[in-house]
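First up is the structure itself, then whatever we jot down about it.
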Amino acid sequence: MPNILYVGNTVNRTDPTRDGPAPAATGLRAAHVRDTRRALLDTARRLFTRDGFQSTRTEEIAEQAGLTRGALYHHFRDKEDLFRAVHEEVVAEVAPLLWRRSNDPSASAWTLFRANSEIYLEAACSNESYRQIVLIDGPAVLGWRYLAERGNGPTDKIAEYLRDAVDEGVLRPQPIDPLAHLLSALGTESAMYVAHAENPEDARRQISECYERLLAGLVVTDASVIATDPANRGAVAK
């Protein structure tokens, strides 16, 4: 990169009418910044997933990314800041998998809630980065306050599902906000159970069975809801 930057500076000196760096040089520097940040994020994700946050050193991240520690600290304040950026990317990868009414306008609110619950359990089971970075290291490194501030959205979304499910006659009328918080906590602990299990596949199957039995007690007509639940008809990718 020094030769590229030098060429850019030479161009500037030969044209005194220009204000600021040459467009080509600016574009190259911007691309270099993006590539550097991407290399750090990708390498950190791999090492955080493999070794965990505590056992991963910034020196190792920089070395395996082919960069210096100075480059790492130019983009991120410290290891925790880098971890936070990786954490946000891993969480964001699950969002496109979630069911929405636009996918199936005929789907009931309860069906959507159940399908999305299974997607989070599947991520805890099969996505190593999600399991290690989000569920195992995330609470310890970032703290529950940070996660709660970022994670209130799912609880609000659950409340929306529940209100719609009551309107649709699937759930009995009941206080929605406390139920939404209860189900949010239940989902979080279910994912944690899977993430910390020695055999995530078995843990996911067992927790899903328990979860289903608990949720069945909330519905007005259990059989009709269970029969249309994507988790039971194979609509959610396993």
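The values are calculated or read from the model by the stated rules, or taken from the named source; none is laboratory data. Just so you know, these numbers come straight off a predicted model, no measurement behind them. Don't worry about glycine lacking a Cβ; one is built from the backbone with ideal geometry, like all the others, and counts go over all protein chains shown.
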Q. Residues of segment 65-111 being surrounded by 14 or more Cβ atoms within 10 Å (Cβ to Cβ) and in a loop (DSSP other than H, G, I, E, B), which ones?
A. Ala65, Leu67, Phe76, Leu98, Trp99, Asp104, Ala107, Ser108
Q: List every residue pair whose Cβ atoms sit under 7 Å apart, with the two residues 6 or more apart in sequence or on different chains, where the first one lies in segment 67-96 and is not assigned by TED's automatic domain parsing to the domain that holds Ser126 and the second, anywhere, is loosely packed, with under 14 Cβ neighbours inside 10 Å.
A: Arg69/Glu59
**Q.** Breaking point among (1) under 16 Å from Tyr130 (Cβ atoms); (2) in contact (Cβ under 8 Å) with a residue 40 or more places away in the chain; (3) part of a helix (DSSP H, G or I), for Phe53
**A.** (3)
Q: Please determine, by comparing only the residues of segment 34-64 that are of a type in the set (Val, Ile, Thr) and crowded, with 19+ Cβ neighbours inside 10 Å, which one is nearest to the chain's Cα centre (by Cα).
A: Thr49
